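First comes the structure, then the notes that go with it.
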Amino acid sequence: MIEVDEGICEKLGKRLKDVQVLPQKFLAEDFDEPSSRTSRLSSTKSQAEGLNRTAWMEEQRRKEANFRFYLVAFCQHTKSLQGIIEGEWYRGWDYLERACRRAMADDPDYFSADSVSRITGQELRRILSDDFDPAHSTLDRVEERVKQLRDCGQCLSAQYDGDVMNLYRQADGYLHGERGVLELMSEFKAYSDPIQKKSFLFLMFVSQAGIWKIKDPENLKVAVDYHIMRIALRSGMTKVGGTLERVLKERKEVDAATDTEVRGAVQEACDLLVRHSGHSVFEVDNILWMMGRNCCFYDHEPICGRNACFKEDRCTFIRSIVYDCPGKCLFDGACLGSLDEEYSKFWETNLYAEYY
Ligand code: SF4
Ligand code: SF4
């Protein structure tokens with residue numbers, strides 16, 4: 001029903017070779033903040049400060065890992081989220097992240113296992129609103145998210161002393177293996193996706209921030225969400241025929257097994273794209289995700305082929321990579337969707353999912 005086209009993956013991978021991905025804002029937090037003061041201290045004092053600094057940095061890393069763990073756990077279907085935080089307009093994931101970080105800035109222990117285990121819908125709406133008024137929040141599927149967060153907080157307390165760093169230690173930094181990170185994470189309901197979208201997204205955050213050092217990085221994969229699925233299907237990286245082709249183009253509902261099959265094939269295609277691009281899995285993930293939120297977005301025609309760009313002023317993709325955009329998608333001319341209207345009609349699977 002669906003298969004990977006290695007030729008297309010290679011062609012598109014080569015398109016990415018010369019693209020430079022800029023470090024993502026908020027990805028690497030400033031864990032070194034107190035160090036600038038130590039050079040002015042006496043050596044004894046500086047040693048003591050050095051120890052304090054190490055402990056301080058450890059604590060920041062621990063907090064950041066736990067923050068990310070909860071953030072990703074309830075990050076699915078963020079289309080409804082939008083608003084203004086600290087004078088800037090954000091939508092989707094960007095809004096979610098800024099709003100939650102703002103809550104953590106007000107209370108550094110906001111995202112602790114203890115408080116997350118008891119979070120309510122009203123509270124979640126409060127932090128995810130521009131002015132902290134729950135009635136003004138645009139968050140949807142609130143009860144579903146509350147359940148995910150509580151389950152994460154409670155399981156983390158019961159099994160890992162409330163600290164996701166202990167999960168990493170227990171797996172000894174390995175993703176695969178009987179009690180590897182991926183298996184341990186899949187025991188949390190929010191992370192039980194067979195295609196492990198949230199696990200790989202979380203791993204990208206903690207790896208890129210230098211908090212977790214993965215010992216078997218060859219097992220990392222792209223976190224397949226609806227944006228990446230749309231690109232893979234439209235581009236021809238994955239080829240679909242028969243009934244599934246019609247179902248996807250007509251945006252008809254699919255069952256969970258079909259969704260897993262499609263996302264599994266897309267993930268396999270992304271492995272090839274990574275290999276042929278020469279980029280890391282995280283860089284390819286970022287490129288595809290940004291492309292899906294900008295050029296190949298769901299609420300307008302893809303910006304390629306005959307369609308010229310109309311959103312340069314608000315494009316977040318060109319601000320994330322070093323790329324002199326000619327007003328068309330980076331894949332234009334190589335992606336089948338830019339050459340053949342039939343391919344541009346493809347859509348991601350239509351399924352009510354809690355995984356992505
Ligand atoms: S400015 Fe370029 S990268 Fe951004 S949406 Fe338009 S075509 Fe795509
Ligand atoms: S070339 Fe067009 S169809 Fe292909 S990924 Fe880019 S915007 Fe989408």
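Observations
- Total residues in the stretch 127-171, condition among the hydroxyl-bearing types (Ser, Thr, Tyr) and within 21 Å of residue 356 (Cβ to Cβ): 1
- Scanning the stretch 310-331 for residues that are of a type in the set (D, E, K, R) and near ligand 1 (Cβ under 8 Å from one of its atoms) yields a total of 3.
- Hey, residue 111 closer than 30 Å to residue 269 by Cα, under 23 Å from the mean Cα position of the chain (by Cα) and of a type in the set (Phe, Trp, Tyr) or not: no
Here's the yes/no breakdown for (1) touching an Asp or Glu at 6+ places or on another chain (Cβ under 8 Å); (2) modelled with pLDDT under 90; (3) surrounded by fewer than 16 Cβ atoms within 10 Å (Cβ to Cβ); (4) outside any loop (DSSP other than H, G, I, E, B):
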residue: 9; (1), (2), (3), (4): no, no, no, yes
residue: 13; (1), (2), (3), (4): no, no, no, yes
residue: 26; (1), (2), (3), (4): yes, yes, yes, no
residue: 33; (1), (2), (3), (4): no, yes, yes, no
residue: 40; (1), (2), (3), (4): no, yes, yes, no
residue: 45; (1), (2), (3), (4): no, yes, yes, yes
residue: 51; (1), (2), (3), (4): no, yes, yes, yes
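Table: residues versus (1) modelled with pLDDT under 95; (2) in contact with a Ser or Thr (Cβ under 6 Å, 6 or more places away or on another chain); (3) within 14 Å of residue 351 (Cβ to Cβ); (4) of a type outside the set (A, V, I, L, M, F, W, C).
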{"site": "188", "(1), (2), (3), (4)": "no, no, no, no"}
{"site": "192", "(1), (2), (3), (4)": "no, yes, no, yes"}
{"site": "204", "(1), (2), (3), (4)": "no, no, no, no"}
{"site": "212", "(1), (2), (3), (4)": "no, no, no, no"}
{"site": "220", "(1), (2), (3), (4)": "no, no, no, no"}
{"site": "227", "(1), (2), (3), (4)": "no, no, no, yes"}
{"site": "235", "(1), (2), (3), (4)": "no, no, no, yes"}
{"site": "249", "(1), (2), (3), (4)": "no, no, no, yes"}
{"site": "256", "(1), (2), (3), (4)": "no, no, yes, no"}
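- Within this structure, residue 147 fails the test of being among the basic types (Lys, Arg), within 24 Å of residue 225 (Cα to Cα) and modelled with pLDDT under 95.
- Identity of the residue in the stretch 292-309, closer than 20 Å to residue 248 by Cα and touching a His at 6+ places or on another chain (Cβ under 9 Å), that ends up farthest from ligand 1 (Cβ to nearest atom): 298
- First in the stretch 301-313 and touching a residue at least 60 places away in the same chain (Cβ under 8 Å) and assigned by TED's automatic domain parsing to the domain that holds residue 327, second anywhere and assigned to a loop (DSSP other than H, G, I, E, B) and crowded, with 18+ Cβ neighbours inside 10 Å, Cβ under 8 Å, 6 or more apart: 302/295; 302/296; 302/329
- Here is the figure for the stretch 131-151: residues that are surrounded by 17 or more Cβ atoms within 10 Å (Cβ to Cβ) and of a type in the set (S, T, N, Q) total 2.
- Filtered by the rule that a residue be of a type in the set (Asp, Glu), modelled with pLDDT of 95 or more and more than 9 Å from ligand 2 (Cβ to nearest atom), the stretch 318-340 gives a lone residue, 340.
The values are calculated or read from the model by the stated rules, or taken from the named source; none is laboratory data. Just so we're clear, the structure is a prediction, and the values are computed from it rather than from any experiment. Glycine gets a Cβ as well: all are built from the backbone with ideal geometry, and neighbour counts include every protein chain shown.
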